[in-house]
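The values are calculated or read from the model by the stated rules, or taken from the named source; none is laboratory data. Source: prediction; values computed, not measured. Cβ placement follows ideal geometry from the backbone for every residue including glycine, while neighbour counts extend to all protein chains displayed. Accessible surface areas use protein heavy atoms only, side chains included; no ligands, DNA or RNA. Shrake-Rupley method; radii C 1.70, N 1.55, O 1.52, S 1.80 Å.
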Amino acid sequence: MKTYRVGILGATGTVGQRFVQLLQGHPQFEITALAASERSAGKTYAEACAWKLSGDIPESVGILEVQPIEPPLDCDIVFSGLPSNVAREAEAAFARAGYPVVTNSSCYRMDEDIPLLIPEINADHLGLIPIQQEKRGFGTGFIVTNPNCAICSFAPPLAALHRKFGVEAVMVTTMQAISGAGYPGVSSMDIADNVLPYIAGEEPKVETEAQKILGSFNGHAVEKADFTVSAQCFRVDVIDGHTASVRVKLSKTSTLEDVIEAMREFPSLGLYSSPEHFIEVLEEPSRPQPRLDRDRGKGMTITVGRLFPDNIFDYRFVGMSHNTVRGAAGAAILNAELLVEKGLI
Ligand code: NAP
């Protein structure tokens, strides 16, 4: 199996650290370059990074010198965990310099010519890459994005329902983990013993990204799925794992058994980071719970529970996924594995 050298932008951050952790022992990707802000550049990764994950910084990564976020970097693929205010310019510079850029940042997600990918759902949206390269003068480079971390906890079950029965309307309330705000994130005085009913900029993302992901690629552009999402987003006192309480109206009538089956049978892919089950539906009344279910499928499975007919909409359910794995670094790594499999890298 060919090995690709990978660089990580924002390597010292919450998502960057998760990249470092998940890439250890990866059969296709080897970390050869790390980049972050001026505060970190010039230091070794071990000096610059306030490591917050279990285990130690891998030795081979800890000794790498952190670079500024500009090309060239000594790598074949660039993963990005940069804040969106700096990502737009930096990621375009790497794409223009010929690098495939696989990013978590929100700044390009809704651009018409940029794939917003959940590989199990919309791998065909990669057809946007040549369109993007031509339009933006990227040459052989390009940008592929993964969705907002909260979207990952409910777009997969919605995709399963949309394919079989058609989705007409969605009401979602998210309960989002502290790590979703990066490090140091929200103050402990604000979040301990509390629920925060506001996450800046989150609700518009949660209300628009699923329609693009579930949209169809017509050979030139993605036609967005035609349903409305109403979202309220909360920050809760959980370290990792975003939960979404969802109510959904469907176009066709369906039985509860059919709805459960549609979710359970939605196929996973056979890529290295693919979980055995893309979506697991639990019947225990008290699940899913972030602490018990976020590591299902090594953090790449979406867990659904509390799935019942609803009194106002057609069905309701609770979706849960690991926000820094399926919702961030793991999602980007899976996207890169797909790009390699499709011969696009
Ligand atoms: P974070 O913990 O604050 O880390 C930010 C990273 O970006 C650090 O490596 C930081 O480097 C670097 N950085 C900050 N300002 C910079 C600048 N001006 N120039 C160069 N580098 C700079 O944030 P995060 O939670 O990892 O989030 C990173 C991105 O992923 C964001 O766009 C976020 O929206 C997205 N995302 C996050 C999650 C999540 O669950 N956390 C999920 C999905 C998507 P220094 O250490 O040197 O300051």
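Anything in segment 52-68 that is within 13 Å of the ligand (Cβ to nearest atom), open to solvent by 50 Å² or more (accessible area, probe 1.4 Å) and closer than 21 Å to residue 323 by Cβ? List them, or say none.
Hit for segment 52-68 is 52, nothing else.
If a residue has to be more than 11 Å from the ligand (Cβ to nearest atom), in contact (Cβ under 8 Å) with a residue 60 or more places away in the chain and among the small types (Gly, Ala, Ser) to count, how many in segment 321-343 make the cut?
As a first pass, look at segment 321-343 and keep what is more than 11 Å from the ligand (Cβ to nearest atom): 333-343.
Right, trim to in contact (Cβ under 8 Å) with a residue 60 or more places away in the chain and you get 333-342.
Now drop any that are not among the small types (Gly, Ala, Ser), which leaves 336.
Qualifying residue count for the region: 1.
Just to be sure I understand, how many residues within segment 132-151 are open to solvent by less than 10 Å² (accessible area, probe 1.4 Å) and touching a His at 6+ places or on another chain (Cβ under 7 Å)?
1
Answer with yes or no whether residue 302 is among the β-branched types (Val, Ile, Thr) and farther than 11 Å from residue 275 by Cβ. Spell out the reasoning first.
Details: among the β-branched types (Val, Ile, Thr): yes; farther than 11 Å from residue 275 by Cβ: no.
Judged against the criteria, residue 302 is not a match.
Does segment 69-77 include one or more residues that are away from the ligand (no atom under 12 Å from the Cβ), touching a Ser or Thr at 6+ places or on another chain (Cβ under 6 Å) and among the hydrophobic types (A, V, I, L, M, F, W, C)? Steps first, please.
Of all residues in segment 69-77, those away from the ligand (no atom under 12 Å from the Cβ) come to 71-77.
Filter once more, keeping what is touching a Ser or Thr at 6+ places or on another chain (Cβ under 6 Å): 74-75.
Now drop any that are not among the hydrophobic types (A, V, I, L, M, F, W, C), which leaves 75.
Within segment 69-77, one or more residues are away from the ligand (no atom under 12 Å from the Cβ), touching a Ser or Thr at 6+ places or on another chain (Cβ under 6 Å) and among the hydrophobic types (A, V, I, L, M, F, W, C).
Output the residue which, of all residues in segment 111-124 that are of a type in the set (Asp, Glu) and in a loop (DSSP other than H, G, I, E, B), is nearest to the chain's Cα centre (by Cα). Give the steps one after another, and end with the answer.
Start the filter on segment 111-124 by keeping residues that are of a type in the set (Asp, Glu), which leaves 111-113, 120, 124.
Those still in the list that are in a loop (DSSP other than H, G, I, E, B) too: 111-113.
Working: 111: 17, 112: 18, 113: 18 Å.
Result: 111.
Examine segment 160-182 for a residue that is more than 11 Å from the ligand (Cβ to nearest atom), without any contact (Cβ under 8 Å) to a residue 60 or more places away in the chain, more than 18 Å from the chain's Cα centre (by Cα) and surrounded by fewer than 16 Cβ atoms within 10 Å (Cβ to Cβ), and state whether such a residue exists. Break it down stepwise before answering.
Restricting attention to segment 160-182, the residues satisfying the condition of being more than 11 Å from the ligand (Cβ to nearest atom) are 160-175.
If we keep only those that are without any contact (Cβ under 8 Å) to a residue 60 or more places away in the chain as well, we get none.
Within segment 160-182, none of the residues are more than 11 Å from the ligand (Cβ to nearest atom), without any contact (Cβ under 8 Å) to a residue 60 or more places away in the chain, more than 18 Å from the chain's Cα centre (by Cα) and surrounded by fewer than 16 Cβ atoms within 10 Å (Cβ to Cβ).
All but one of (1) within 18 Å of the chain's Cα centre (by Cα); (2) open to solvent by 10 Å² or more (accessible area, probe 1.4 Å) hold for residue 196; state the number of the condition that does not hold.
Evaluating residue 196 over (1) within 18 Å of the chain's Cα centre (by Cα); (2) open to solvent by 10 Å² or more (accessible area, probe 1.4 Å) leaves (1) as the failure.
Can you find a residue that is within 22 Å of residue 231 (Cβ to Cβ), open to solvent by 30 Å² or more (accessible area, probe 1.4 Å) and of a type in the set (A, V, I, L, M, F, W, C) anywhere in segment 296-304?
Step one: filter segment 296-304 for residues within 22 Å of residue 231 (Cβ to Cβ), giving 302-304.
Subsequent filtering for residues that are open to solvent by 30 Å² or more (accessible area, probe 1.4 Å) retains none.
Looking for residues that are within 22 Å of residue 231 (Cβ to Cβ), open to solvent by 30 Å² or more (accessible area, probe 1.4 Å) and of a type in the set (A, V, I, L, M, F, W, C), one finds none in segment 296-304, hence no.
Can you tell me which residue within segment 1-16, out of those that are closer than 17 Å to residue 64 by Cβ and either open to solvent by 30 Å² or more (accessible area, probe 1.4 Å) or in contact with a Cys (Cβ under 7 Å, 6 or more places away or on another chain) (or both), is farthest from the ligand (Cβ to nearest atom)?
If we take residues in segment 1-16 being closer than 17 Å to residue 64 by Cβ and either open to solvent by 30 Å² or more (accessible area, probe 1.4 Å) or in contact with a Cys (Cβ under 7 Å, 6 or more places away or on another chain) (or both), then 3 is farthest from the ligand (Cβ to nearest atom).
Please indicate, with yes or no, whether at least one residue in segment 163-176 is among the small types (Gly, Ala, Ser) and over 19 Å from residue 274 (Cβ atoms).
The first filter runs over segment 163-176 and keeps only residues among the small types (Gly, Ala, Ser), leaving 166, 169.
Those left that are additionally over 19 Å from residue 274 (Cβ atoms): 166, 169.
Taking every residue of segment 163-176 in turn, at least one turns out to be among the small types (Gly, Ala, Ser) and over 19 Å from residue 274 (Cβ atoms).
Can you confirm whether residue 186 is closer than 28 Å to residue 238 by Cβ, open to solvent by 10 Å² or more (accessible area, probe 1.4 Å) and away from the ligand (no atom under 14 Å from the Cβ)? Walk me through it before giving the result.
Numbers: closer than 28 Å to residue 238 by Cβ: yes; open to solvent by 10 Å² or more (accessible area, probe 1.4 Å): yes; away from the ligand (no atom under 14 Å from the Cβ): no.
When the stated conditions are applied, residue 186 does not pass them.
Could you tell me whether any residue of segment 125-139 is of a type outside the set (A, V, I, L, M, F, W, C), under 24 Å from residue 277 (Cβ atoms) and in a loop (DSSP other than H, G, I, E, B)?
First, pick out the residues of segment 125-139 that are of a type outside the set (A, V, I, L, M, F, W, C): 125, 127, 130, 132-137, 139.
Okay, now just the ones that are also under 24 Å from residue 277 (Cβ atoms), so 125.
Now restrict to residues that are in a loop (DSSP other than H, G, I, E, B): none.
No, because not a single residue in segment 125-139 is of a type outside the set (A, V, I, L, M, F, W, C), under 24 Å from residue 277 (Cβ atoms) and in a loop (DSSP other than H, G, I, E, B).
Yes or no, residue by residue, for (1) under 17 Å from the mean Cα position of the chain (by Cα); (2) closer than 20 Å to residue 334 by Cβ; (3) within 16 Å of the ligand (Cβ to nearest atom); (4) open to solvent by 10 Å² or more (accessible area, probe 1.4 Å):
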{"site": "83", "(1), (2), (3), (4)": "yes, no, yes, yes"}
{"site": "106", "(1), (2), (3), (4)": "yes, yes, yes, yes"}
{"site": "130", "(1), (2), (3), (4)": "no, no, no, yes"}
{"site": "153", "(1), (2), (3), (4)": "yes, yes, yes, no"}
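Can you pull out every residue in segment 23-42 that is open to solvent by 30 Å² or more (accessible area, probe 1.4 Å) and either in a strand (DSSP E or B) or within 13 Å of the ligand (Cβ to nearest atom) (or both)? Break it down stepwise before answering.
Taking segment 23-42 and keeping what is open to solvent by 30 Å² or more (accessible area, probe 1.4 Å), we get 24-25, 27, 30, 32, 37-39, 41-42.
Residues satisfying the conditions are 30, 32, 37, 38, 39, 41, 42.
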